[in-house]
Structures are given as structure tokens and as C-alpha cells.
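As C-alpha cells, the structure follows; a few thoughts come after it.
The values are calculated or read from the model by the stated rules, or taken from the named source; none is laboratory data. The model shown is predicted, which means the values in this text are computed figures rather than measured ones. Here the Cβ positions follow ideal geometry from the backbone for every residue, glycine too, while neighbour counts run over all protein chains shown.
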Amino acid sequence: MKTAEEIVRDVRNGATTASSELDDALLAIKARNDELNVFLYVDEEGARRQAESVDAAISRGEEVGPLAGVPVAIKDNMCQRGVPTTCSSRILDAWRPPYSATVVERLLAAGAVPVGKTNLDEFAMGSSTENSAFGPTRNPLDPTRVPGGSSGGSAAAVAADMTPLALGSDTGGSIRQPAALCGLIGVKPTYGLVSRYGLIAFASSLDQIGPFAKNVTDAAMLLEAIAGHDEMDSTSLPEPAPALVTHVNDGVAGKRIGLVRDLVDGADEDVVHSVERAAEVLAAAGATIVELNIPEFRLGLSAYYILAPAEASSNLARYDGVRYGLRVDADDVTAMNEATRTAGFGDEVKRRIMLGTYALSAGYYDAYYGQALKVRTMMIAAFARAYRDVDLLLGATTPSVAFELGSKVSDPMAMYLSDIFTIPTNLAGDAAVSVPFGTGEHDLPIGVQLLGPGRSEAQLFAAARVLEIAEGR
Amino acid sequence: MTLPGDWEMVVGLEVHTELKTATKMFCGCANKFGAEPNTNVCPVCLGLPGSLPVLNVRAVELAMAIGIALHSTIAPSTFHRKNYFYPDMPKDFQISQYDLPINKGGYLDLPDASRVSIERAHLEEDTGKSTHLGGTGRIHGADRSLVDYNRSGVPLVEIVSGPDIRSSAQARAYASSLRAILIATGASDGRMEEGSMRIDANVSVRKPGAPFGTRCEIKNLNSLRSLQRAIDFEALRQIELLESGGTVRQETRHWDENLGATSTMRSKEEAEDYRYFREPDLVELVPSDEWQHRVAEALGPMPSERRSSLIERLSAPSETQLDAVEVVIDLGLETYVHAALDANADASLALARASNELAAGIESLGNVSLSAFTSTVLLEQSGALSATQSKTVLGELLRVGGDPVTIAKSLGCEQLSSDSLASTVASLIEENPDEWERFRAGDEKLAQFFIGQVMKRTKGQANGKQVIAELHARR
């Protein structure tokens, strides 16, 4: 499978066409989609039109975008005009958005070819892509195991060589955790770097769209194309997209990197070993490694499971059967709302709506939501303190390699714990990257996590590239 | 209305006003009343999945203008979500301001010199509009409900007064002064019948000096008249209840205009838990000093100031003059009156012509220059034009503009010569000997009789003062 960088180069110099790259992608999807359940919808017609328009532009000698001809998979919680968008939920039955997310518009403008919508945990709530109304996605590296979640479909699309690039969304680790479990680069950008306009909200103050790729340069290319201020998103950062691709080989010489014990301890032995080996590689490349304890990180999970469900309980109120999606008729409007939501939402979504509603209720707000906000403030302060001393932080992405399908579905707490190392970054609104580094049991990939302050993506990519080179990629 | 015994009512008003912006509060859809249902809508104001709000800067400016006019402190503010399910609210939450409103504190001075404090004036979005057909006609039990989302996301400011109002008349005066301010700031058109200004009243009663009683909130007050009637009804209801040994339950009550009564909508126990929390899709709103200054600069003087600067020029103003002043201030006609007064015109005459003739033709006011109005008033005052002629000339000015003297000539309303006036008066004296004798004996009322007769005969072309002069000369 060619990298995105190679496809753009070959499409531009005429060695291949966008249409023929699309054919390859569609063939790869056909070959394994039934087995893995990666794509919920393949937009063959739309993709064909976009590929042909890129090819036509090239044949007319026109300038084409930085992702010209690259097939891209899109997590099915981002709106694309006229294309079914489900969030893997029955409640959005048959809904086709009349508008496209800013990221989709930017992909099209960059010449990329969106090929279809990928499976996810319903409304991005989960860590295994098993909470989908349309069945679980399987890990292409071992189909008895999960690809992680919630962006499991997008991770699997890249891992199965269906598309070189995919978009996911990361609210508490939903890009980095599946990237780790599928052996990919996964990026959670700084909050506000990528517009959320058209991303169907789970927890608005935490959600962020980011790339999956097989290598650092491809990830940087995709992030560069979608980042930058968008006037449709009030929380969007004011600056234009940062230059990332030109900095991937900047290295880490002179950087101070903190190995955070709280982001390693408790993980499987193989995982701990990978992180420590990564520290050695970075040190050998000229970075100074310091060991840090940031005990606040251990509070992240409980704060997250108050804040995210609270926002979700409000964000998901609109699925009431009145305007679009599923409607289950009943005697009056309240009964219709109830019947629709009862039939339309899966168990995990209902669990979180109830948790969130409770946490915001009069008499409980201060003890739960108010308290969680304070923890979030502590988390931001803890990161800020760490970044006064070091440039970047290092830890594990997940406590273990990909686990078996069904092994955690009956134990929500065990499932929640797989995000314990990724959640702090979302609470702080900072950036982090998961880089495949080493393997664990059954030769399954391990993800090492690099964390940085807001807008440190270029530095994170440069550090990730150092690890990538050490792995011979 | 006076309350029985020594009971006193305590009233606070919550006024919602739609802001007169070109577009809605969080999207680019037109903010327009009366369009085809569901035509001014987009993903944002329909709350479609994935859509996000972007704050309309003009709405913020109008909210600040209201705050400045009400002497509020403009403060850094945030938006919250007020969560509850209702079909005409597309996100099933309303974006509003909660603990940090844009305008804090302030006051409004009423024409009777009383002062009502303002607690806050905050920004929020409007909902869509439901119509329930068949069955009960209300949401539960209707055959069908239709929703129009054109109003969804229209910017609103909610102005909350302190519990300072002590009578329904004062409540009405407050609402009417506030309405004048909303119109003067350009924030709203103040049309209660179109719902662009909506009022809820919190009413309780107590004995003087006692702590506040339990209050009821009254909704569905669609006119100043209903406001006043509903408050009186509610205060009496509470007094009767208390005097017969009952207690007032805190609840929301619905005013029925036809029945002239309030009835329970929902009790406090049934009240929703709105689960307010910070709206994560919007950032803190911090209007810079420079921005506030620019908004303040652009604001003209408020109605109360304009009213007092006009009244200052009247010596011992009569009730009639004061009524005219209200009309003139409401409609912003005082520059005409000031111009006429500058030219030493008679105040009553200038006020009458402005509050009647100019007010009637307000939509074509642009045709009437200040000097044309002043000349017309002075021509009437000097007797060169009769009252009827003066009104006709103003009508023509409003219709086509121009110069009053030329218009008067072209309409043939030149004054009767004094010779023909004298001969008309002479013949009328001859024809009405009894009346003339009574006038000569000192009955001044008869002057009006003769003026009427002269006007009739001359088709309004005579000047009343000259008729009186002629009568006196012959007495």
C-alpha cells in the first residue's frame, strides 16, 4: 500500500491517477469489509466524482491540493452532505445531512477523496467499537480482537490498507487508543486547532477531530489540510493551520522530555518496557529525559466520566423524534420522545445520558459536575506546571495491547479504564500523539504516547518521527 | 385601583424583547416576522447534529445599548444551556445567560419620578412557535402540533426588574417607559401584538413593612391592558385567599384575557430542573471598553431625558400639553416642536400640530422639513391660516413636501380679506339678533356660536381670533 505522500507525488507527476488510486481503495474495501465491518457506507459515486475532478484538473495543468488523489476514510460522526451519517446509532436512522462538516469541505478542497463513513462506538461512547448499532468492527491485525474505539472503524480502514488516511475524533482517547491497538499514528490535536463544525457532538468541550496514518509525514499532511481557524466554530483557534510537514525531521536534540510515571505504572509489562525503550531512543537522539510524577492524572478518569456524560446528556437531547431520524409514534409528544429514545439509543448511550443528567441535577451539581470542573482546573494547572520544566511528556497510550472481542462488554468500568492514560490531555485541551513502538503479546502493536502543550503539534511530530525511524520505518 | 384594607402589592416584571437584528443570534438566517413557515432556517437554528452557534455581534451591541440606557454595568459574561424538552426548541436546550449576564444592575425612572431598579438584562435565543390543532388545543391532547422554526434562534434580551413596583398602574408605566427605551435604542420595535415584546409579572401581596409574600408568576400578558388587569386580578385573588385563612402557593399562572382571570399552569413542585451548565460551544463574551464606548456614543438621549428637556420649555404645562408631549416623545417628533419653539411659536399650537397632524403622517415625515413645520405653525398663529387650513397644509407637506406658503396659495386657502370677514360677521349679526343681544349682554359663550357660523359660511377660511376681534369691535 502506498503512503499518502507517494500517492500525491504520483498523481501530480502523472505516474498514477486519483481514479486508479480510488479503484485500489474500493477493491481493498470489498476484499475485507464483510469480515471486519469497517465501513458503514461507501460513497462510491461521490468518491468517483471527486477523483475525476482531481484528474481533470491535472490534465488541464491546474494546481491541485496537498492531498490530491488520496482516499480518506471518515468516521461516521462527521457530516457529509447527502451521505448517510449515523453515529452508529439507530436514532439517526436514514438521516442524510444537508451540509458538510468543515473538515470534509477542507478535504475536498485539498483534493482528497472521501470514500465512505466508518463504524464507531455509538455517538463515540466506547473504547472498542463494540457499542455500534451496526455490529462491532474487528481488528485487521487479529480479527478476534477489537480495534479499539471509539474511532475503531477509521483505525481499521488504515490498518487494513483500505485507505492510507482516516479521520477520527478524540474525546477521551478515541483516536490514540485505537491507533495504539492497530499499530498506527493517531493524533489528538490541540482543542480548537481543527474545526468541530459538522462533528456530531459527544462532549463539546473535549471533542477534537484528528488523523490516523501509517507514518508521521502522512499524519502531518492530513492535519495540515484540516487545521486552522474556522468562523463556523466559536472555539476554533484564531490562527491559520501551522506548518507541520516541513518540521517532521526536526528531531529532539536539546528538548527536555518528561517520562510520566503516572502514565506508565499499572500498564502491562510489555507496554512499560516499550515506553522505557522509547525514552532511551529519544535520549540517544539528543533529548534530556526526566522522570516525573503528576498525581493529578489519576483523577482524570473520574472527572471525565462526570463531565463528558453531562455534556452528552444535553448534546443528545435533540434526538427526540420531532425533526429527523427515528420516530416511534405514541399518544402524545412526551410519550413519543420516550418511545423514540428508548428504541433509538443503545445501552452505553443511555447509561451516559443518565449519569450526565444526574450529575447536573439540582442538589447533585456541586458534588459531581462542580467538583469535576475543579479537577479539570487542577489538571490544566498540573500540565502547565510540568511544561515549565519540560517541552514534552512521554507515557503509554493504553495499558495493554488489543483485547479480545467481548472481553470487556459486560464490565463498563474495565472498558473505561482503557482510556486512563489518554483522558488527561482532553481535559487540558492539549495535544498528544500515539506512535506504534514495539510489540506485546501475540506480536500485537504497542502505542507510546507523546504529549505536549497547546499548539505543540510540530514538536510532537518531530519526536514521533524519531521513534518511527528507530523502528526502521 | 386601590387594594382593600392596608394591603400592598409587590410586583417585579420580566420583559422579553426580540432584538431588531438583520440575522438571528447564532446563524445567518433572516430575523423576520411573518415569513412562510420554516423558510428562514438552516442547520444551526434547526439544531441539526454537528451544527455550532456563532454569536451575532449586532445582537451583543443592541443588548449593550439597552444596558447603557438602563444605567446597567456591562460585564464580562458567559452563556449557559437551559435544558428541557419541548418540540419548538430544536436542540432541546436554550442558550441563555445564567450567573454572568451581560448587563448587571441599573434602573429605570418613570414619568411620575418613581424609580424601578433593574436586576439584569441578559441575552438569550428565542424558540420556534408551536400551533396545536384540534383536541384540547394545548400540547397534550391536541390532534396535531405544527412547529414553525423561523423564530428559533431570534435574539432576545430579558430585562428583569427588582420587586419595586407597587401598583398595576406603575407596572404599566414601567412597561411603557421600557418600551420607549427599546424603541429609542433601536433594539426592538416593541410590538407586543407580534410578540416582539413579551411580559411576565411576578406578583405578591403583603402588609406594609412585612416581608415579601409568596409570589406567583403570570404569563400570557399580550398587551399593556392585560398586564394591568392581570396584576390587579392576581393581587385581589391573593388578598382574598389570605384573608379567608388560606396561603398562596408559589406557582406559574396563565392569564385568560376573555375570562379576565389567572389560573394555575404549574406549581413549584412541577417546575423543571433546567440543569444549567456553561455552553461549551461558545466562549466568554468580554466587550472591550472601546466597543462599549462606541455603542454608548451612537446612542442618542433616552426618552426620559428628551421628555424633560421638552417639558422644561413649557411654562406650567397643562394636562393636554403633557399628553401631547408623550405622543411627541414616543414618536420622536420633538425636534419639530423644539424648532417651532425656537421661532417663538405658541407651545400648545406646536404640540397640537406635532402630536396630531405629524403623528398621523409619521411614515412620510421625511417630506416635512423643520422650517416648513415651523412656518405653518407661525402662519396659523398670526391668523394668516385658519386651523383647518393649517391642517390641510400640513397634510400636503406630508404628502409631497414643499413650502407652506406656496401650498396654501395653490390650495386656495388664503385668508379671507378683513373686508369680507367684516361683511360676513355683519350679516350673521343681522340674521341672529337674539344671539347677538346675549353676546352684547356679556355671554362670551356666544362668541363660539358666531365663530362656528362664520366658519360654516366661509368653508373654514376665516381665522377664529379675527372673528372674535370683529365681534368685540361691534359690541
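Here are some notes:
- B:Phe277 meets each of the listed conditions (1) over 30 Å from B:Phe79 (Cβ atoms); (2) of a type in the set (A, V, I, L, M, F, W, C); (3) at pLDDT 95 or above apart from (1).
- From the list A:Gly395, A:Gly344, A:Gly363, the lone residue that is of a type outside the set (A, V, I, L, M) and either within 28 Å of A:Gly251 (Cα to Cα) or in contact with an Asp or Glu (Cβ under 6 Å, 6 or more places away or on another chain) (or both) is A:Gly395.
- Enumeration of residues in segment B:100-119 that are on the phi < 0 side of the Ramachandran plot, at pLDDT 95 or above and of a type outside the set (Ser, Thr, Tyr): B:Leu100, B:Pro101, B:Ile102, B:Asn103, B:Lys104, B:Leu108, B:Arg115, B:Val116, B:Ile118, B:Glu119
- Counting only strands (runs of 3 or more DSSP E) that fall entirely inside segment B:42-137 and contain at least 1 residues that are touching a Pro at 6+ places or on another chain (Cβ under 8 Å), the qualifying elements are B:93-96, B:115-125, B:129-133.
- Screening the candidates B:Ile218, B:Ile239 for the property of being more than 22 Å from B:Glu193 (Cβ to Cβ), modelled with pLDDT of 95 or more and either part of a strand (DSSP E or B) or of a type in the set (Val, Ile, Thr) (or both) yields one hit, B:Ile239.
- Residue tally, condition loosely packed, with under 13 Cβ neighbours inside 10 Å and of a type in the set (S, T, N, Q), over segment B:424-450: 2
- Search result, residues across segment A:400-428 that are surrounded by fewer than 20 Cβ atoms within 10 Å (Cβ to Cβ) and either hydroxyl-bearing (Ser, Thr, Tyr) or at positive phi (or both): A:Ser400, A:Gly406, A:Ser407, A:Ser410, A:Tyr416
- For segment A:345-372, residues that are crowded, with 17+ Cβ neighbours inside 10 Å, at the interface with another protein chain (Cβ under 10 Å from one of its Cβ atoms) and either basic (Lys, Arg) or part of a helix (DSSP H, G or I) (or both) total 6.
- Residue pairs whose Cβ atoms lie under 9 Å apart, sitting 6 or more positions apart in sequence or on different chains, and linking a residue in segment B:258-269 that is farther than 15 Å from B:Val203 by Cα and in the same structural domain as B:Ala230 (by TED's automatic domain parsing) to a partner that is surrounded by 11 or more Cβ atoms within 10 Å (Cβ to Cβ) and among the aromatic types (Phe, Trp, Tyr), are B:Gly260/B:Phe233.
- Filter pass, A:Thr397 being modelled with pLDDT of 95 or more, surrounded by 23 or more Cβ atoms within 10 Å (Cβ to Cβ) and hydroxyl-bearing (Ser, Thr, Tyr): yes
- Members of segment A:76-95 that are on the phi < 0 side of the Ramachandran plot, in a loop (DSSP other than H, G, I, E, B) and away from chain B (no Cβ under 11 Å): A:Asp76, A:Val83, A:Pro84, A:Asp93
- Candidate set: segment B:36-52, residues that are in contact (Cβ under 8 Å) with a residue 60 or more places away in the chain and touching a Gly at 6+ places or on another chain (Cβ under 8 Å); chosen: the one nearest to the other protein chains (Cβ to nearest Cβ): B:Val44
- Members of segment A:215-233 found to be in a loop (DSSP other than H, G, I, E, B) and more than 14 Å from chain B (Cβ to nearest Cβ), listed by number: A:Asn215, A:Gly228
- Of all the residues in segment B:96-136, those that are under 21 Å from the mean Cα position of the chain (by Cα), of a type in the set (A, V, I, L, M, F, W, C) and either in the same structural domain as B:Val327 (by TED's automatic domain parsing) or surrounded by fewer than 15 Cβ atoms within 10 Å (Cβ to Cβ) (or both) number 1.
- Qualifying residue in segment B:272-289 (condition: free of Cβ contacts under 8 Å to residues at least 12 places away in the same chain, surrounded by fewer than 19 Cβ atoms within 10 Å (Cβ to Cβ), among the hydroxyl-bearing types (Ser, Thr, Tyr) and within 30 Å of B:Val57 (Cβ to Cβ)): yes
- Counting the residues of segment B:254-303 that are in a helix (DSSP H, G or I) and either more than 30 Å from B:Ile231 (Cβ to Cβ) or touching a helix residue (DSSP H, G or I) at 6+ places or on another chain (Cβ under 9 Å) (or both) gives 11.
- Condition met for B:Ala324 (more than 24 Å from B:Tyr107 (Cα to Cα), crowded, with 17+ Cβ neighbours inside 10 Å, touching a Leu at 6+ places or on another chain (Cβ under 7 Å) and among the aliphatic types (A, V, I, L, M)): yes
- Residues being more than 14 Å from every other protein chain (Cβ to nearest Cβ), in a loop (DSSP other than H, G, I, E, B) and surrounded by fewer than 23 Cβ atoms within 10 Å (Cβ to Cβ) - total across segment B:18-30: 3
- A single member of B:Asp289, B:Asp273 is within 14 Å of another protein chain (Cβ to nearest Cβ) and of a type in the set (Asp, Glu), and it is B:Asp273.
- Failed criterion for B:Phe212 (all others in (1) out of contact with any Phe, Trp or Tyr (no Cβ under 8 Å at 6 or more places or on another chain); (2) outside any loop (DSSP other than H, G, I, E, B) hold): (2)
- Condition met for A:Ala287 (aliphatic (A, V, I, L, M) and away from chain B (no Cβ under 11 Å)): yes
- Residue in segment A:304-312 that is among the aromatic types (Phe, Trp, Tyr), under 24 Å from the mean Cα position of the chain (by Cα), away from every other protein chain (no Cβ under 11 Å) and closer than 20 Å to B:Gly47 by Cβ present: no
- A:Asn293 vs. criteria over 17 Å from A:Phe437 (Cα atoms), modelled with pLDDT of 95 or more and within 14 Å of chain B (Cβ to nearest Cβ): no
- Count of segment A:210-236 residues, restricted to those that are surrounded by fewer than 24 Cβ atoms within 10 Å (Cβ to Cβ), in contact with a Ser or Thr (Cβ under 7 Å, 6 or more places away or on another chain) and under 22 Å from A:Gly172 (Cβ atoms), is 2.
- Filtering segment B:73-85 to residues that are touching a strand residue (DSSP E or B) at 6+ places or on another chain (Cβ under 8 Å) and either at the interface with chain A (Cβ under 9 Å from one of its Cβ atoms) or touching a residue at least 60 places away in the same chain (Cβ under 8 Å) (or both) leaves B:Ile74, B:Pro76, B:Ser77, B:Thr78, B:Phe79, B:His80, B:Arg81, B:Lys82, B:Asn83, B:Tyr84.
- Just one of the listed residues (A:Gly148, A:Gly126, A:Gly153, A:Gly111) is under 13 Å from the mean Cα position of the chain (by Cα), farther than 18 Å from A:Ala203 by Cα and outside any helix (DSSP H, G or I), and it is A:Gly148.
- Some residue of segment A:130-140 being assigned to a loop (DSSP other than H, G, I, E, B) and of a type in the set (A, V, I, L, M, F, W, C): yes
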